[in-house]
1. Report the full-extension gain for the segment ARG179 to GLU162: residue separation times 0.36 nm, less the Cα-Cα distance, to one decimal in nm.
2. Please work out the ratio of the alpha-carbon Rg of segment 59-210 to 2.2 N^0.38 Å and round it to two decimals.
3. Report the extension gain between GLN150 and ARG46 in nm, rounded to one decimal, defined as 0.36 nm multiplied by the number of residues separating them, less their alpha carbon distance.
4. Just to check I understand the Karplus step: with θ = phi - 60° and J = 6.51 cos²θ - 1.76 cosθ + 1.60, what whole-Hz values come out for segment 141-157, glycine and proline as x?
5. Nearest 0.05, what FRET efficiency do ASP194 and ARG77 give at R0 = 45 Å with Cβ-Cβ as r?
6. Let's test this: bin the Cα-Cα distances of segment 1-98 at 5 Å from zero up to the farthest pair and state each bin's percent.
7. Please list, in order along segment 48-55, the HN-Hα scalar couplings obtained from phi with the Karplus expression 6.51 cos²θ - 1.76 cosθ + 1.60 (θ = phi - 60°), rounded to whole Hz, x for Gly and Pro.
8. May I ask for the distance between the Cα centers of segment 135-155 and segment 46-120, given as a whole number of Å?
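FYI, it's all coordinate maths here, none of it is from the lab. What you are looking at is a predicted structure, and each value in this text was computed from that prediction instead of being measured. Using ideal geometry, Cβ is built from the backbone for each residue, glycine included, and neighbour counts are taken over all protein chains shown.
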Amino acid sequence: MLIPIDKIMKDAIETLMNEHRLIEQVLGALDTFVEQLFTPVPEDRRQVGQFAWFFRHFADHCHHGKEEKELFVQMNRCGFPMEYGPLGVMLAEHGEGREHVGALAEIGRGTGPLSLPEREAVAEHARALIPLLRAHIQKEDNILYPMARQGIPPAEIARLNESCEVFDREVMGAGEIQRLKALASELLVNFPPDAEKMAVVTGCAGCRGH
Ligand SMILES: [Fe+2]
């Protein structure tokens, strides 16, 4: 018997990896934004706020939310400690990222043109956040997620797939995720990531031209 299409579970780890690809793209857009930051334009405070909104709500609430409330909890039940080791490191890096995003959000909430100290603060926090999240994503893709696939029994993986879908549907809401993806598209159009840099940072130098 065929399984109805709406009953087919998405693979949670695959969804998390797809979210990494979008976050990497927006990090590339943030990099482009920072390159232009010392040529002031009237809209730049609003743009700082938009980047902060994406990283707070998509990268943190939606993506880190599923990791911290679902994946890491499941890994912990399978014997991975939360306080140290891979999960401890990932949690500490989430916290570090939140501080940079919080600083960007606060500047985004201000009024009037960005002052020079604010521009310097945006550049400082963005230049710390970009390499932090890029390296974090590489660690999860190449080390943590393969560990999860190995360490979590198949029945629990199925439960994780379901709980991550519930998280997206009930905690985030499909409409909100779509709005955040639309915001990402707008940022990518306004601040196209540098293709050469992206190929290097995503470890895909050999993929260019294919
Ligand atoms: Fe992640």
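1. Values: separation 17, 0.36 × 17 = 6.12 nm, distance 2.26 nm.
Fully extending the segment from ARG179 to GLU162 adds 3.9 nm.
2. 1.21
3. 33.1 nm
4. After applying 6.51 cos²θ - 1.76 cosθ + 1.60, I find 4, 9, 10, 5, 5, x, 4, 5, 4, 6, x, 9, x, x, 5, 6, 4 Hz.
5. For R0 = 45 Å, the calculated efficiency reads 0.60.
6. For segment 1-98, the binned pair fractions read 3, 10, 16, 18, 15, 12, 10, 7, 5, 2, 1, 0, 0 percent.
7. Using θ = phi - 60°, the values come out as 4, x, 5, 4, 4, 4, 4, 5 Hz.
8. The two parts, judged by their Cα centres, are 20 Å apart.
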